[in-house]
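The values are calculated or read from the model by the stated rules, or taken from the named source; none is laboratory data. Being a predicted model, the structure only gives us computed values, none of them experimental. FYI the Cβ positions are ideal-geometry reconstructions off the backbone, even for glycines, and counts take in every protein chain you see.
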Amino acid sequence: QVQLVESGGGLVQAGGSLRLSCAASGRTFSSYAMGWFRQAPGKEREFVATITSSGGATTYASSVTGRFTISRDNAKSTLYLQMNSLKPEDTAVYYCAAGTRAVTNSAYEYWGQGTQVTVSS
C-alpha cells in the first residue's frame with residue numbers, strides 16, 4: 001500500500017551535515033507514524049528517531065539527541081532527517097519506515113531500501 005524511497009545520503013566530513021529525505025507513495029502518508037533506523041557494518045539495525053503522524057511528537061535515540069532532527073511534510077508526503085555535527089560512528093545505511101504507531105523498535109509495516117551515509121574523519 002505504501003512505498004518508501006530514501007535519498008540524500010552521501011559522503012561528508014566529520015562535523016558536517018546531511019539532510020535525508022524519504023518520499024512516500026499514496027495519499028495516506030499523513031495517517032502513518034514514521035521512523036528512521038540505521039545499520040552500520042557488522043552491527044544490528046538500530047533506532048534513530050520517530051515522529052507521530054501529525055508531527056506533533058518526536059523521539060530520538062540518545063546517541064543522536066541534539067544533533068539530528070526528524071520532521072515531515074504531509075502535503076509533500078515526505079519524511080526528513082536533518083543530521084548535524086556528524087561523526088564517523090554515524091556511518092550506516094539509513095532506512096525510513098512507516099507504521100501505525102511511533103514505536104522505537106522495528107515493528108513498522110513498511111520500509112524503504114535505504115540510503116548510505118558515510119562520515120569521514
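Conditions (1) in contact with a strand residue (DSSP E or B) (Cβ under 6 Å, 6 or more places away or on another chain); (2) of a type outside the set (Phe, Trp, Tyr); (3) modelled with pLDDT of 95 or more, marked per residue:
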residue	(1), (2), (3)
Phe37	yes, no, yes
Ala57	no, yes, yes
Glu109	yes, yes, no
Thr115	yes, yes, yes
Ser121	no, yes, no
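Could you list all residues from the stretch 42-69 that are within 10 Å of the chain's Cα centre (by Cα) and within 20 Å of Leu11 (Cα to Cα)?
Selection gives Val48, Phe68, Thr69.
Considering Arg27, Arg19, which residue is of a type in the set (D, E, K, R) and within 13 Å of Met83 (Cβ to Cβ)?
Only one candidate qualifies: Arg19.
Please go through the stretch 78-121 and pick out each residue that is among the charged types (D, E, K, R), touching a residue at least 60 places away in the same chain (Cβ under 8 Å) and more than 22 Å from Gly26 (Cα to Cα).
Lys87
Out of Gly9, Gly35, Gly55, Gly42, report the one residue that is in contact (Cβ under 8 Å) with a residue 12 or more places away in the chain and farther than 22 Å from Val103 by Cα.
Gly9
Identify the residue in the stretch 60-78 that is hydrophobic (A, V, I, L, M, F, W, C) and modelled with pLDDT of 95 or more and, among all such residues, is surrounded by the fewest Cβ atoms within 10 Å (Cβ to Cβ).
By that ranking, first place goes to Ala61.
Taking the stretch 79-96, which residues are within 12 Å of the chain's Cα centre (by Cα) and crowded, with 19+ Cβ neighbours inside 10 Å?
Once the filter is applied, which keeps residues that are within 12 Å of the chain's Cα centre (by Cα) and crowded, with 19+ Cβ neighbours inside 10 Å, the stretch 79-96 yields Leu79, Tyr80, Leu81, Met83, Ala92, Tyr94, Tyr95, Cys96.
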